[in-house]
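Handing you a structure now.
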Amino acid sequence: MAPPSARARYNANKADNQIPTKKPLKRRNGKKETSDVPAPTPAGTRNEKRYLHTNRFIRNSPDPNAPLPTNVPMMPGINTAFKTFVSARLCSAIWAYIADCDETFNYWEPLNYIINGHGLQTWEYSPQFGLRSYTYLLLQGVPGWIYQKIFNPSPLLIFYMVRCMLGFGCAVMERFIYKSICREFGIHVGRLWLIFQLFSVGMFVSSTALLPSSFSMYFGCSALAAWWTKQYSLSIFLTAISALLGWPFAALLSVPMVLDLLLYQRDWRTFLQWTLISLATIALPMIAIDTSYYGKLTFAPLNIVWYNVFTSHGPNIFGTEPLSYYIINGFLNFNIIWAMPIMLILELLILPGRFFSTLNFPRIISVSPFYLWLLVFFAQPHKEERFLFPVYPLISLCGAMTLDIYQRIFFRFKSLMFKLKEPSHYLDHSNVIAILVMVTSALLGLSRVFVLYRNYHAPMDLMLELNKFKVSPQYRAEETYNVCIGKDWHRYPGSFFFPANNFRLRFLKSEFRGMLPAYYTEGENATQVVHPYFNDQNQEHEHMYFDYEQCHFLIDFDEGKYTALEPSYTRRTKDWSIMKSLPFLIQEKSHRVLRAFYVPFLTDNHIKYGDFNLLKRKKPRRNGH
């Protein structure tokens with residue numbers, strides 16, 4: 001049974017949020033329980049509204065007869081929070097750059113193939129490996145495909161439509177989590193979480209990324225929110241969506257929920273029933289769709305787990321990073337909030353339990369999926385920023401919980417030191433701490449977002465220049481234009497940025513020695529063709545390289561370092577003219593802190609930019625290759 005203080009907090013939070021419950025509150029022994037909060041009455045006047053709000057506010061004083069606080073905290077309503085989430089995520093859809101080449105080549109390119117009939121294929125999509133699911137792509141691509149068939153828009157409009165759709169889906173997830181947090185952890189924690197989410201750089205980057213890890217963030221964290229409110233059936237189903245359609249490793253987040261359901265609740269029936277329902281409604285259609293695309297029986301989640309866990313080489317051939325990689329990335333994406341989860345685990349283990357009472361679970365249990373995730377992924381040699389995407393909302397939650405605890409501790413110390421005679425609520429004396437942390441975190445977040453756009457958005461802006469060529473007299477719709485790229489292949493934003501379907505990306509040989517993607521073959525059943533040049537060892541193949549003399553355009557970042565395979569194409573003035581040039585950060589020549597956060601009057605003096613160029617060949621070339 002939940003502690004009385006937790007039950008009081010729940011009832012007060014529920015009344016504050018105006019969230020009606022569909023069923024009467026029940027104890028675990030099945031007896032009905034009545035609320036100790038008066039039923040809300042119509043609030044006509046301003047004083048009546050204030051009375052209703054203060055009467056439901058939760059006290060935190062040793063004296064049970066303590067007066068209610070005079071400065072009642074403002075709590076954004078569910079719909080208000082949703083509107084702010086939508087606004088923030090649409091900003092991400094428009095201004096966030098593509099930070100991971102895996103997003104471009106493993107998801108945007110195959111999606112371009114589904115919608116526009118051409119795109120680059122990676123080895124993961126080869127039928128002999130089948131690591132990626134076309135079902136996941138179809139979920140994102142069907143709206144874009146319908147949009148393309150009805151209106152035949154520019155590919156760029158389809159790109160941003162899909163991004164906005166992802167941002168809206170993320171906002172729906174955050175609305176659901178915000179509602180659960182206010183019920184389970186309290187209004188103040190929910191309010192802090194809302195602010196941290198809105199100004200989180202990590203959420204700005206991940207919320208509209210076309211990646212399974214972002215998809216798993218949407219549904220995995222929603223599954224946790226359902227678990228916090230004891231909606232076990234919904235939690236199981238959302239977990240299945242997250243792990244099967246998204247990223248199979250995201251099932252790790254559901255381990256505490258499953259243990260609670262099986263060992264504590266002893267409800268095997270619900271677990272087995274909804275597991276079978278999930279397999280029937282998600283796994284079986286997924287297998288059917290992927291099998292039709294690959295031309296053989298394929299279950300992509302099993303294939304990717306097998307490759308990453310049970311093969312001799314696994315993902316480590318793509319690079320390994322030290323532990324500091326996640327620590328630094330965590331600070332860049334969440335600034336001071338990133339340190340709070342580390343302090344929270346110590347506080348939950350040391351401080352008295354009265355600091356942590358919630359409705360259904362001890363807080364250490366509620367946030368245990370986050371620490372389980374860190375324990376597993378921090379130990380992996382192969383580290384990537386997107387591997388932490390599924391727990392980004394939990395970082396904000398742990399930060400909000402930690403800040404709430406600090407405010408309570410501060411109030412306790414102040415009460416003992418100054419011997420407050422009149423009992424009062426802890427927020428009356430500690431709100432300045434919350435405001436200071438929220439303002440600092442928000443300013444650092446905005447500073448980081450501005451730097452990301454300013455320093456790394458050039459490749460996406462540069463591709464837009466090709467739209468001007470399409471409306472020029474030199475453009476011929478019947479010709480295929482080859483846009484070449486060398487060492488900067490990993491910064492290519494995707495074929496959706498081409499103005500028409502007669503533009504193709506071509507790779508020039510550089511110092512890179514790994515596996516590059518190749519175009520899907522033309523004709524029907526292209527997804528079923530097994531190509532001899534694909535391998536799972538990250539070994540390069542000459543088939544991927546293109547003849548330099550047949551390039552019509554060339555994308556090149558000039559940072560002042562040249563080799564025989566990576567020359568300065570800009571200096572070859574006989575062959576090329578600069579169509580567009582934009583600044584792009586040179587990390588090695590820039591201050592580590594001032595390139596990460598924008599500081600007025602200081603950053604500009606301590607960072608160095610190179611020229612990201614779009615070159616156009618002076619002498620027209622005919623199609624080749």
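Counting only other residues whose beta carbon sits under 9 Å from that of Lys487, what net charge do I get with K and R as +1, D and E as -1?
It works out to a net charge of -4.
Let me have the relative contact order for region 450-617, percent, based on Cα pairs under 8 Å that are six or more residues apart.
Values: 247 pairs, mean separation 46.0, N = 168.
RCO, region 450-617: 27 percent.
What is the Cα centroid distance between region 148-192 and region 463-523, reported in whole angstrom?
Spelled out, the Cα-based centre of one part sits 31 Å from the other.
Once you have a ≥ b ≥ c as the square roots of the Cα gyration tensor eigenvalues for region 286-416, tell me rounded if a/c is under 1.5, and otherwise prolate or oblate according to whether a/b is larger than b/c.
Verdict is prolate for region 286-416.
Something else: Spin-label point model (7 Å from Cα, Cβ direction): what's the Tyr545 to Lys230 distance in nm?
Result for the modelled spin labels: 6.6 nm.
Moving on to the next point. Which entries of Lys561/Lys619; Lys580/Lys616; Lys83/Lys179; Lys470/Lys580; Lys149/Lys470; Lys383/Lys589 have Cα-Cα distances beyond 19 Å here?
Flagged as over cut-off: Lys561/Lys619; Lys149/Lys470; Lys383/Lys589.
If I model a spin label as a point 7 Å beyond the Cα along the Cα-Cβ vector, how far apart are those points for Asp604 and Phe318 in nm?
The two pseudo-label positions are separated by 4.0 nm.
Right, something else. For the peptides 463-472, 129-138, what is the packing order when you average, over each peptide's residues, the other Cβ atoms within 10 Å and list the highest mean first?
In descending order of packing, they fall as 129-138, 463-472.
With every protein chain kept in place and ligands, DNA and RNA left out, what is the accessible area per residue of region 273-334? Probe 1.4 Å, answer in Å².
Heavy-atom accessible area per residue stands at 54 Å².
Let me ask something additional. What percent antiparallel are the DSSP beta bridges of region 450-617, to the nearest 5? Write down the numbers at each step before the final one.
Details: 15 of 24 bridges.
DSSP beta bridges in region 450-617 are roughly 60 percent antiparallel.
Considering only the other residues whose Cβ falls under 12 Å of the Cβ of Arg89, what net charge follows from Lys and Arg at +1 and Asp and Glu at -1? Mind showing how you got there, number by number?
Details: positive: Lys83, Arg163, Arg175; negative: Glu174.
Local charge sum for Arg89: +2.
Sticking with this one: If you stretched the chain out fully between Val593 and Leu443, how much longer would it get, using 0.36 nm times the residue separation minus the C-alpha to C-alpha distance?
Full-extension gain reported as 52.5 nm.
In debye, nearest 20, what is the charge dipole magnitude of region 166-306 about its Cα centre with +1 on Lys and Arg Cβ and -1 on Asp and Glu Cβ, if you could check? Don't skip to the end; give the middle numbers.
Working: 8 positive and 5 negative charges, 45 e Å.
I would put it at about 220 debye.
Less than 9 Å Cβ to Cβ from Ala434, Lys/Arg counted +1 and Asp/Glu -1: what total charge do the surrounding residues give?
In short, 0.
Can you tell me which aspartates and glutamates have their Cα less than 18 Å from the Cα of Lys618? Leave out same-chain residues fewer than eight positions away.
Correct list for Lys618: Glu465, Glu479, Asp547, Glu549, Asp556, Asp575.
So, one more: Would you please state the base-10 log of I(q)/I(0) at q = 0.16 1/Å for region 450-617, with intensities from the Debye formula using one equal scatterer on every alpha carbon?
Normalising to I(0) and taking log10 leaves -1.05.
Can you compute 3J(HN,Hα) from phi for each residue in region 147-154, using the Karplus curve 6.51 cos²θ - 1.76 cosθ + 1.60 with θ = phi - 60°, rounded to whole Hz and x for Gly and Pro?
4, 5, 5, 7, 10, 6, x, 4
Continuing with this model, one more query. Quickly work out the Trp95-to-Leu279 label distance, labels modelled 7 Å from Cα along the C-beta direction, and quote it in nm with one decimal.
Using points 7 Å along Cα→Cβ, the separation is 4.7 nm.
Using R₀ = 25 Å, calculate the FRET efficiency as 1/(1 + (r/R₀)^6) where r is the Cβ-Cβ separation of Ser510 and Lys468; round to 0.05. Before the final figure, lay out each step's value.
On the way: r = 27 Å, r/R0 = 1.10.
Rounded to the nearest 0.05, the efficiency is 0.35.
Can you give the FRET efficiency to the nearest 0.05 for Ile327 and Asp461, using r as the Cβ-Cβ distance and R₀ = 35 Å?
Efficiency, rounded to the nearest 0.05: 0.65.
Just to verify a number: FRET efficiency for Glu524 and Ile409, C-beta to C-beta distance, R0 = 56 Å, to 0.05?
Calculated value: 0.25.
Separate question: Shape verdict for region 351-510, please, from the Cα gyration tensor: rounded (a/c under 1.5), prolate (a/b greater than b/c) or oblate.
It comes out prolate by the Cα gyration axes.
Cα gyration tensor of region 252-314, axes a ≥ b ≥ c as square roots of the eigenvalues: rounded (a/c below 1.5), prolate (a/b > b/c) or oblate?
It is oblate, given that a/c is not under 1.5 and a/b is not larger than b/c.
The values are calculated or read from the model by the stated rules, or taken from the named source; none is laboratory data. All values reported here derive from a predicted model rather than from experimental measurement. Here Cβ is always computed from backbone atoms with ideal geometry, including for glycine, and neighbour counts include all displayed protein chains. We work out accessible area using only protein heavy atoms, side chains counted, and drop any ligands, DNA or RNA first. Shrake-Rupley method; radii C 1.70, N 1.55, O 1.52, S 1.80 Å.
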